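Participant: Dropping a structure here in structure tokens format, bear with me for questions.
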Amino acid sequence: MKVGFIALGKMGAGICSNIVKNGIDVVVYDINPANMQKFVDMGASSAATVKELAAQVDVCITCVPMPKDAKGVLLGPDGVFENLPEGGVHFDLSTLDIETVVMLEAEAAKLGKKYLVIPMGKGPAFAADGTCPLFGGGDKATYDKYEECLLKKMGKPAYIGDVKAGCALKLIQNLMGMSINAVCSESIKLAKLANIPKEQFIEQISNSGAFSFQFKNTASGTFDEDFEHPVFTVNLAFKDVRLGIEMCESFGQRVPMMSRAREVFAATAEKYGEENFTATFKML
């Protein structure tokens, strides 16, 4: 089995590292050649274009920021779908919308290829250490074929259902996580106004019913107001929340609390889009 990996940002690079470390034959491509060198040094090969990469692999994996980026990489004469060998498989780790993933699955099928969504459930640190949840969506037989030999070498996969279900779980998780993050920012602001020491605040909240994964991973940096070294930017957080709310609207389902989170991230993105997503604190 030969695996191609396209787009080596923070999340993608973590997953790709796990594949390479597990001894799988990997070829990489990124628009920034410097991003590929780490993996070449680890034993991977590199490709000069998406087309060149797709033509030589059994499974292709992408992790791109936006739906338009996924379409640009996957579709067209120079894209993944037209250049994967007959019966080739594509795993999309990107956070996309339901309309896009349904369309991409159909376009792949027209060419005799399989398209599965495998969005990631946590951030770069978890992608890098192999503990990142992976939400599998798409053809079950294809998922089963690659679960042991590839997906479990990437992270902690679980089969959710069709591409709509896999995509929806990721969007719901993002809505919950980012809404909780906005609440954490407000809570930390209150703690600072009340002159509660950071260490005491974090320790006591961690022992209470208010504790959350988001609090654990962002409280210290938010308390210190360190937003200029982004692990995940406000712009990307806003994109994730926006796609989630659009899904809710397509269901005809009101989500007033999560909709408020979209407003918060939209306003933060206008001023602090390239800072860490915890910069919602600065809007208070």
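The values are calculated or read from the model by the stated rules, or taken from the named source; none is laboratory data. The structure presented is a predicted model; accordingly, all values stated were derived computationally and were not measured. When we count neighbours, we look across all protein chains shown, and the Cβ atoms used for this are built from the backbone with ideal geometry, even at glycine. Heads up: the accessible areas ignore ligands, DNA and RNA and are worked out on the full protein's heavy atoms, side chains in. Shrake-Rupley method; radii C 1.70, N 1.55, O 1.52, S 1.80 Å.
Participant: Go ahead and run the numbers for FRET between Glu246 and Lys152, Cβ-Cβ distance against an R0 of 35 Å, rounding to 0.05. Mind dumping the intermediate values first?
Facilitator: On the way: r = 32 Å, r/R0 = 0.91.
Calculated value: 0.65.
Participant: Moving on. Quick one: compute a quarter of the convex hull surface over the Cα atoms of the chain and quote it in nm².
Facilitator: Details: hull surface 60.8 nm².
Projected area, direction-averaged: 15.2 nm².
Participant: Quick one: in the stretch 4-51, what % of C-alpha pairs are over 17 Å apart? Show your work: numbers first, answer last.
Facilitator: Details: 195 of 1128 pairs.
Counting every Cα pair in the stretch 4-51, those more than 17 Å apart make up 17 percent.
Participant: Note down the Stokes-Einstein diffusion coefficient of the stretch 164-219 in µm²/s, whole number, using a Kirkwood radius over alpha carbon pairs, 10 °C, and 1.306 mPa s.
Facilitator: Working: Rh = 12.3 Å.
Roughly 129 µm²/s, to the nearest whole number.
Participant: Further, regarding this structure: Please report, in cubic angstrom per residue, the volume enclosed by the convex hull of the alpha-carbon atoms of the stretch 85-235. Numbers along the way, then the final one.
Facilitator: Numbers: hull volume 20.0 nm³, N = 151.
Measuring per residue, one finds 132 Å³ for the Cα hull of the stretch 85-235.
Participant: Taking all protein chains in place and a 1.4 Å probe, what share, in percent, of the accessible surface of the chain do carbon and sulfur account for? Walk me through the intermediate numbers first.
Facilitator: On the way: 7130 of 12970 Å².
It is 55 percent, rounded to a whole number.
Participant: Largest first and in whole Å, what are the equivalent-ellipsoid semi-axes of the stretch 207-284 based on the Cα gyration tensor, each being the root of 5 times an eigenvalue? Let's see the in-between values first.
Facilitator: Numbers: eigenvalues 105, 57, 20 Å².
Value: 23, 17, 10 Å, ordered largest first.
Participant: Quote the Stokes-Einstein diffusion coefficient, in whole µm² s⁻¹, for the stretch 22-163, based on the Kirkwood radius over alpha carbon pairs, a temperature of 4 °C and a viscosity of 1.567 mPa s. Write down the numbers at each step before the final one.
Facilitator: Details: Rh = 15.3 Å.
Translational diffusion coefficient: 84 µm²/s.
Participant: While we're here: For the stretch 147-248, build the convex hull from the C-alpha positions and give me its volume per residue in Å³. Could the numbers behind the result be given before it?
Facilitator: Details: hull volume 15.0 nm³, N = 102.
Per-residue hull volume (Cα only) is 147 Å³.
Participant: What pairs from Lys164/Lys216; Lys38/Lys145; Lys189/Lys239; Lys2/Lys113 go past 19 Å between their alpha carbons? Don't jump to the answer; show the numbers that get you there.
Facilitator: Details: Lys164/Lys216 30 Å; Lys38/Lys145 29 Å; Lys189/Lys239 25 Å; Lys2/Lys113 16 Å.
Cα-Cα > 19 Å for Lys164/Lys216; Lys38/Lys145; Lys189/Lys239; rest within.
Participant: Could you give the length gained by full extension between Glu86 and Asn207, i.e. 0.36 nm per residue of separation minus their alpha carbon distance, to one decimal place? Can you show the working numbers first?
Facilitator: Details: separation 121, 0.36 × 121 = 43.56 nm, distance 5.41 nm.
Net length gain for the segment: 38.2 nm.
Participant: Can you give me the accessible area per residue for the chain, using a 1.4 Å probe, in Å²?
Facilitator: On the way: 12970 Å² over 284 residues.
Using a 1.4 Å probe on heavy atoms only, each residue of the chain averages 46 Å².
Participant: Any chance you could look up the accessible area of Ser187 with a 1.4 Å probe, heavy atoms only, rounded to 10 Å²?
Facilitator: Ser187 has an accessible surface of roughly 40 Å² with all protein chains in place.
Participant: Let me ask you something else. So how tilted is helix 213-223 from the main axis of the chain? Cα-based, degrees 0 to 90, rounded to 10.
Facilitator: Approximately 60 degrees, to the nearest 10.
Participant: Further question on the same structure: Let me know the longest stretch in the chain that avoids all GluC sites (Glu not before Pro) found in a DSSP loop with at most 10 other C-beta atoms within 10 Å.
Facilitator: Working: sites that count: Glu86, Glu228.
It runs 87-227.
Participant: Using a Gaussian network model of the chain whose springs link C-alpha atoms within less than 10 Å, name the residue from Asn83, Asn35, Asn174 with the highest mean-square fluctuation.
Facilitator: Answer for the Gaussian network model of the chain: Asn35.
Participant: Angle, helix 256-272 long axis vs. longest principal axis of the chain, Cα atoms, 0 to 90°, nearest 10?
Facilitator: The answer is roughly 90 degrees.
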